[in-house]
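**Student:** Take this structure, written in structure tokens, and hold onto it; I'll ask about it next.
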Amino acid sequence: MADLWNVDPIPFVGTSDLTQGLGFHYYQPDRVVAGKPMKDWLRFAVAYWHSFDQRLVDPFGDGTAQRPYDHVTDPMALALAKVDYAFEFYAKLGAGFFCFHDRDIAPEGDTLRETNANLDRVVDHIAELQADSGVKLLWNTSSLFTNPRFVSGAATSPFAEIYAYAAGQLKHSLEIAKRLGAENYVFWGGREGYENLWNTDLRREQDHQARFFRMCLDYAKEIGLDAQFLIEPKPKEPTTHQYDFDAATAIAFLKTYGLDDDFKLNLEGNHANLAGHTYQHEIRVARAAGMLGSLDANQGDKLIGWDIDEFPSDLYEATATMWEVLAEGSIGPHGGLNFDSKPRRTSFTEEDLFRGHIVGMDTYAAGLLIAAKLHEDGYIENLVADRYSSYDSGIGTTIEDGTATLTSLEAESLDAPQSALLAATHSDHLESVKATINNYIIAALAEG
């Protein structure tokens, strides 16, 4: 292995030295958990934009990132060099997947034709290194939000010329997905929303977006692209209101336009919080609708009101996430855990980029171990079954099998005294439930 990064391959060190920052304490890719190796449950992917492009800027300060390719100044030479650095990073980290936006990996030209040519040169190099390394493309996507031309959206732009450009850009992005063997293709509507309703034809914009998605589906079939299409919800930032506000809103949009058989959801922890939800809530909503596709692994700061994309370290949230994944059987049909995460601005060294990924991978590996123990014991399943047990007999069965009517339910209730109704209402003992989850976290990690 080359040594472009001044960091050794990341080993598994276990829990004998809990202060070791450049080793995995819980993530062992081949360790079998709940019938599958950890690597198959988790399918970790490195996000190209945060890991290799992000300079650690924030709204109040310039970038601080120190990267080993900073000496390269020519834009195309830098783009090609980053590919080499990226694939060595994947190898040293032990990540089997990556993901990117089209504009992450190559500079734009003056025209779409020039931009596509730049992009193809870099894609050629990526394809070579994929063949050598076996690293797979979890998903790619198209940046239809960064360039000023998309100031008023792309597929929802009020300007037909911009809509057409976005369609052309997306077409080439789908061709790249086909070429690189993408398992999924993600649509994130970075500016698909509105700033103010007074100058917005909301229905027309959503109609246009649905037509855009339909054209993408048609072209994917035309070129034989066998990738799962995913929508990534986000409630706000940068527009006042995003059309894909949260999982429920995105599902409603897809069902309204008859796209729900072809799309699933790519869900992000930080986005869930911005929408006023927990990450588990968004995953559960998608699961209930049969639309869980893939997961962005990050977290926000509860005290900060914007999308800060921290590496995930919240063990409780990771446990809840992996409980849902184990209950589902996988992270969607082709999904994985993509680290849509970046180090903090004060963590700017090469080593810090590895440390951030290690924290995220260990957190989710530990969450998997805890969730597996919960499932093995059936604690949550038994808790829920007991809570709804009144629907398993008597009047409850008639409600569930559809034979109940308002008249039959009234007859059941007319002479029922309040004491009987109160007796039928059991305490959830919710405080004890939360304590039990904490106990599982402590016990599962003690077992290692």
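The values are calculated or read from the model by the stated rules, or taken from the named source; none is laboratory data. From a predicted model like this one, the values you see are computed outputs, not experimental measurements. Glycine also receives a Cβ, built like all others from the backbone with ideal geometry; neighbour counts cover every protein chain displayed. Ligands, DNA and RNA are excluded from the accessible area calculation, which covers all protein heavy atoms including side chains. Shrake-Rupley method; radii C 1.70, N 1.55, O 1.52, S 1.80 Å.
**Student:** What is the extension gain from Arg113 to Thr405, computed as 0.36 nm multiplied by their sequence separation minus the C-alpha to C-alpha distance, in nm to one decimal?
**Tutor:** 98.7 nm
**Student:** Please work out how much length the chain gains when fully extended from Glu222 to Lys255, using 0.36 nm per residue of separation minus the C-alpha to C-alpha distance, in nm with one decimal.
**Tutor:** 9.5 nm
**Student:** For a paramagnetic label modelled at 7 Å from the Cα of Glu161 toward its Cβ, which residues of the stretch 174-190 fall within the zone defined by backbone nitrogen distances under 18 Å?
**Tutor:** none
**Student:** Over the chain, with a Gaussian network built from C-alpha contacts below 10 Å, which listed residue (Tyr185, Tyr243, Tyr257) shows the highest mean-square fluctuation?
**Tutor:** Evaluated over the chain, the most mobile residue of the options is Tyr257.
**Student:** While we're on this one: GNM on the chain, C-alpha springs below 10 Å: top fluctuator among Leu383, Leu254, Leu369?
**Tutor:** Between Leu383, Leu254, Leu369, it is Leu383 that shows the largest mean-square fluctuation.
**Student:** For a Förster distance of 41 Å, can you work out the FRET efficiency between the beta-carbons of Lys36 and Val72, rounded to the nearest 0.05?
**Tutor:** 0.50
**Student:** Can you tally the net charge around Leu197? Count Lys and Arg as +1, Asp and Glu as -1, for every other residue whose Cβ sits under 12 Å from the Cβ of Leu197.
**Tutor:** Combined, the nearby Lys, Arg, Asp and Glu give -2.
**Student:** From the C-alpha gyration tensor of the chain, pull out the three semi-axes of the equivalent ellipsoid (sqrt of 5λ each), sorted largest to smallest, in whole Å.
**Tutor:** Semi-axes, largest first: 40, 30, 19 Å.
**Student:** Antiparallel DSSP bridges in the stretch 1-150: what percent, to the nearest 5?
**Tutor:** Close to 25 percent.
**Student:** Same structure, new question: Among Leu80, Leu265, Leu430, which one moves the most in a GNM of the chain with springs linking Cα atoms closer than 10 Å?
**Tutor:** Leu430
**Student:** Still on this structure: Strictly over 30 Å apart at the Cα level, which of Lys234/Lys373; Lys171/Lys302; Lys255/Lys302; Lys178/Lys302; Lys171/Lys234; Lys255/Lys434 would you flag in this model?
**Tutor:** Those over the limit are Lys234/Lys373; Lys171/Lys302; Lys255/Lys302; Lys178/Lys302; Lys255/Lys434.
**Student:** With every protein chain kept in the model, how would you rank Arg179, Arg103, Arg345 by accessible area, 1.4 Å probe, largest at the top?
**Tutor:** Arg179, Arg345, Arg103
**Student:** Let me ask you something else. Give me log10 I(q)/I(0) at q = 0.11, 0.12, 0.19, 0.22 Å⁻¹ for the stretch 95-223, Debye formula, one equal scatterer per alpha-carbon, no solvent.
**Tutor:** -0.41, -0.48, -1.08, -1.34
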